[in-house]
Protein chains: 2
Amino acid sequence: MPDDLRSPGPLDAFRRILGPNGILTAESDLEPYLADWRGLYRGRAMALLRPASTEEVSACVRLCAEQGITIIPQGGNTSMVGGATPEAKPNQVILSLARMNRVREIDTADMTMTVEAGLILQKAQQVAADHGTLFPLSLGAEGSAMIGGLLSTNAGGNTTVRYGNARELMLGLEVVLPDGGVINGLRRLRKDNTGYALRHLFVGAEGTLGIITAAVLRLFPAAKETATALCAVPSEDAALALFRRFRAADEGAVRAFEYMSGIGMGLVMDNIEGATLPVAPGFEHFVLVDLSASREGAGLRNLLEQVLEAAMEAGEVLDAALAESEAQRAAIWRLREEHPEAQKRAGASVKNDVSVPVSSVPELIRRSSAELVKLIPGSRPVPFGHMGDGNIHMNLEQPPEMPAADFLARAHDIMDCVNAIVRELGGSFSAEHGVGRLKTDMMEAWRGGAELAAMQAIKAALDPKGIMNPGKVLP
Amino acid sequence: MPDDLRSPGPLDAFRRILGPNGILTAESDLEPYLADWRGLYRGRAMALLRPASTEEVSACVRLCAEQGITIIPQGGNTSMVGGATPEAKPNQVILSLARMNRVREIDTADMTMTVEAGLILQKAQQVAADHGTLFPLSLGAEGSAMIGGLLSTNAGGNTTVRYGNARELMLGLEVVLPDGGVINGLRRLRKDNTGYALRHLFVGAEGTLGIITAAVLRLFPAAKETATALCAVPSEDAALALFRRFRAADEGAVRAFEYMSGIGMGLVMDNIEGATLPVAPGFEHFVLVDLSASREGAGLRNLLEQVLEAAMEAGEVLDAALAESEAQRAAIWRLREEHPEAQKRAGASVKNDVSVPVSSVPELIRRSSAELVKLIPGSRPVPFGHMGDGNIHMNLEQPPEMPAADFLARAHDIMDCVNAIVRELGGSFSAEHGVGRLKTDMMEAWRGGAELAAMQAIKAALDPKGIMNPGKVLP
């Protein structure tokens, strides 16, 4: 490491703040934190700071502000868009929230839980369950992703259709500002109209306006009943029609409604050990419907059967497998959750995390699939995801015979192709993964003008020195 | 009106933008807009601007920015805290959104409705109902309050416990910024993580950062069943225990859970024609529970009876009246909704719109009532409101024999008394009414330091000339 990254001044000062366990500087120790897990980006850093308290975060940030050191906040480092990766520049520190992982308080009368930013999502779910409640946020990276990062990126996942995004699951925040000041907004209130809703600004700001150090999360009653089915449907439109049937039958019961294509399901069958299709083979469209209720005797199994029967009579469902046990339920969910891994094993793929109004999901899938195959003959569209909230991962798998590098060289064409359709449909180029580093160059075209100018004015107002997670979100 | 308020320059320019129907300048025409409906404040204005489109709003704001004219956005003018009243200063215009009252689009597949800021809430509810859906926001002023004002103040109301505040019912906004620029954020997306969540900044900013001109609102399936009861309970703690029983039995069914005191109910009986108590007389604490479900055969009546029976056995409910018809349901709700009117007829009163964590509501009511009676002997505490979301209107009615002016002279002592307890309990001095002009002087004590500084930095960044609704929200 060059000397300019090791000037003893700031490192000693960080050491005084954090103690010997609170800072890593050896290259080998820093290694796992310098690149994103997808391998898209790699940067450098003079140190990894590991504060154990809000006071330590504040003192570190204050020092950075004084010395003009930029800060990359990092949680589980599971960003899909390079949101927590340092740049290839000097004078940077990574600030990991991993040691701030306590549950400060849980209250089942208020149905709230106050937790620190470094708490891993799976652990948060477990603590809630241990108290007979539910913390409903659920997504692929839940074994690594931390609450601070999930809030900073306003994570979505499988249960948005019922419970909303991370934003809706948050009542209050504690935030360290770019000057080291601390906002103590850990209020456990459902109603509080006392000035600007700063907490909603930090949620989704991807660490560019400050560092979330703790949050008050909402809890819900645990499910007393669930019912899950995998359905083969004749078309994208039929999938949407089925969603509308379930929503009309019992809106509050639809916890997840996921779409998968025949191609995607084929990749899972071919590449994932032990994956078995519980319906007849050969269908082109699938839906996973997951119902839950917190009331006794909700009769979800009956509801599921009735809705599916009516949909079959209407020709909207061709075949269906209802989970008869928790094991079967897990097996059905596995078919959905292994989509990314199956894609990875099948070769190179380009990901498009896009959203459109729910009514436009069939058109999005149909048009994008057709255009993508025209763009790259032999490529395989693998649309899957959260139909119930309009968020489809409109991914494309390489043609089997094409060299991966040749395919990946077309990544921007592929993204442009999908995004042109998304834009026509009034959608978004980043539904749940955020902007990070990967998509900053799209902000001007999609959010330019008054909207982007307002964002930049806010960034300049709160972080005038530009030390918080530079190069992310804003172009 | 003095000449300086009638300089022909800007008025002619406004006239050119708005046409003859778009501007009022005669004193008699302006009269209804210069004071708040509670009669707390009164200001002046050179004109009432009545734009009919977003372009007209933008042109007016641009002109104001150029000429240094301050703008008071006004919807239904139903603020409880003087949030839409001009100051007693020259060079001001009131900008009414009343003519922008169209429903631009309604989509029952997406379950969204795009409406303009001047649409009255009751009308929005009606349009939703005409399409077989529900727009759940519901509050006393719904016959006058407009969508733009409801969002600008993040209105709460009766259904927050189930559907959240106005904020949670909004997916996208169109906003005219203080320089006249327009943010077109009317996206109908459940997931969209593309930069800072500006829409959440404008919601609750009370018109100090820009003017909301249109919004995408969320719709829900209409209720297929309801069940409503008025219960007499032995204590505040019993009221909370009953809430927890209902939430445990069927969380999604509790649409409203309202607390009322024996004193408040007595004021309604004494002052409101036709009000009758459907339970035995003499109780000190009441709860209105309102259940609804969008599924067929939800069995809410059974649920209501079962929960109340168990609560009676546990001594948590002393008497209960279940609505047997829509008329009875309306009569029960009327007892709750006439509380403000009954208070008004009974004499002078001081209002405290406060919130605490739900678990602390009993302590809030008990301690505040005791302290208030100590502070002003003979005064009558009238706590009522949204127990299910922690928001209690901790109001105080004057002693019958005391001159109203003497009582009102103690208003600040009364508010301080309640707020000291609220603060100890981790609550908020303004739950759903906002800060407006009435409570700006509390911001420093409650949100001072890093939080208020960040708010002020954002205000300065977005409205550097300070022309948007000056004197509101920030001290």
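A short reminder: the numbers here are calculations on the coordinates, not readings from a lab. Treat the numbers as computed from the prediction; the structure is a model and nothing was measured. For neighbour counting, all protein chains shown are included, and Cβ atoms are generated from backbone atoms with ideal geometry for every residue, glycine included.
Near the amide H of A:Arg104, within less than 5 Å, lie the amide hydrogens of A:Thr114, A:Val115, A:Glu116, all on another chain or at least 5 residues away, with H placed in the peptide plane. So what's the angle, to the nearest 10 degrees on a 0 to 90 scale, between helix A:450-462 and the longest Cα principal axis of chain A? It works out to around 40 degrees.
The value for segment B:103-221 of Rg(Cα) / (2.2 N^0.38 Å) is 0.98.
Per residue, what volume in Å³ does the Cα convex hull of segment A:413-475 take up?
89
Rounded to the nearest 5, what is the percent of antiparallel bridges among the DSSP beta bridges in the protein assembly as shown? Close to 85 percent. Overall, the anisotropy analysis places segment B:14-114 in the oblate class: the square-rooted eigenvalues a ≥ b ≥ c of its C-alpha gyration tensor yield a/c not less than 1.5, with a/b not exceeding b/c.
Projecting label points 7 angstrom from Cα along Cα→Cβ for A:Glu444 and B:Arg42 puts them 5.5 nm apart.
Stokes-Einstein, applied to the Kirkwood radius of segment B:370-475 over Cα pairs at a viscosity of 0.692 mPa s and 37 °C, places its translational diffusion at 207 µm² s⁻¹.
DSSP assigns beta bridges within chain A; of those with both partners inside it, close to 85 percent run antiparallel. Whole-Hz Karplus values for segment A:418-428 come out as 5, 5, 4, 5, 4, 5, 4, 8, x, x, 10 Hz, taken residue by residue from phi with 6.51 cos²θ - 1.76 cosθ + 1.60 and θ = phi - 60°; glycine and proline positions read x.
Counting each pair of different Cα atoms once, what's the Kirkwood radius of the protein assembly as shown in Å, rounded to one decimal?
Hydrodynamic radius (Kirkwood, Cα pairs) of the protein assembly as shown is 29.3 Å.
Where both bridge residues fall in segment A:3-96, DSSP classifies roughly 25% of the beta bridges as antiparallel. Computed from phi, the 3J(HN,Hα) profile of segment A:21-37 under the Karplus parametrisation 6.51, -1.76, 1.60 (θ = phi - 60°) reads 7, x, 8, 10, 10, 5, 3, 5, 5, 6, 2, x, 9, 8, 10, 7, 6 Hz, with x in place of Gly and Pro.
Note the distances from B:Asp270 to each other copy's matching label point, with points 7 Å along the Cα-to-beta-carbon direction, in nm, sorted shortest first. Label point to label point, same position, other copies: 8.2 nm. For segment B:129-284, the equivalent ellipsoid derived from the alpha-carbon gyration tensor has semi-axes of 37, 19, 15 Å in decreasing order.
Between copies, the label points of B:Ala314, set 7 Å from Cα on the Cα→Cβ line, lie 4.1 nm apart, reported in increasing order to one decimal in nanometres. Rounded to the nearest whole Hz, the Karplus-based 3J(HN,Hα) values (6.51 cos²θ - 1.76 cosθ + 1.60, θ = phi - 60°) of segment B:222-230 follow the sequence 5, 5, 9, 8, 9, 8, 9, 9, 9, with x at glycine and proline.
Search the structure for amide H atoms under 5 Å from the amide H of A:Asp319, placed 1.01 Å from N in the peptide plane, and list their residues when 5 or more places away or on another chain. Residues meeting the amide H criterion: A:Ala232.
In nanometers and ordered shortest first, the copy-to-copy spacing of the B:Asn302 label point, defined 7 Å from Cα toward Cβ, is 0.7. Over 16 Å apart: what share of the alpha carbon pairs of segment A:347-424 falls there, rounded to a whole percent? The share of Cα pairs beyond 16 Å in segment A:347-424 comes to 42 percent. When both segment B:422-475 and segment A:305-353 are represented by their alpha-carbon centers, they are found 49 Å apart. At the listed q of 0.20 Å⁻¹, the Debye profile of segment A:225-339, built from one uniform point per Cα, gives log10 I(q)/I(0) equal to -1.06. The amide H of B:Gln74, built 1.01 Å from its N in the peptide plane, has B:Leu95, B:Ser96, B:Leu97 as neighbours under 5 Å, considering only residues 5 or more places off or on other chains.
Per residue of the protein assembly as shown, the DSSP helices (runs of n ≥ 4 H) give a summed -39500 (n - 2.57) that works out to -10500 deg cm²/dmol at 222 nm.
Just tell me the longest site-free run in chain B, where the sites are GluC sites (Glu not before Pro) in a DSSP loop having at most 13 other beta-carbon atoms within 10 Å. The reported range is B:1-272.
Take every Cα pair under 8 Å whose residues are at least 6 apart in sequence, average their separation, divide by the length of chain B, and the relative contact order is 15 percent. Spin-label model, A:Ala330 to B:Ala223: label points 7 Å out along the Cα-to-beta-carbon direction sit 4.1 nm apart. Per residue, the Cα convex hull of chain B amounts to 153 Å³.
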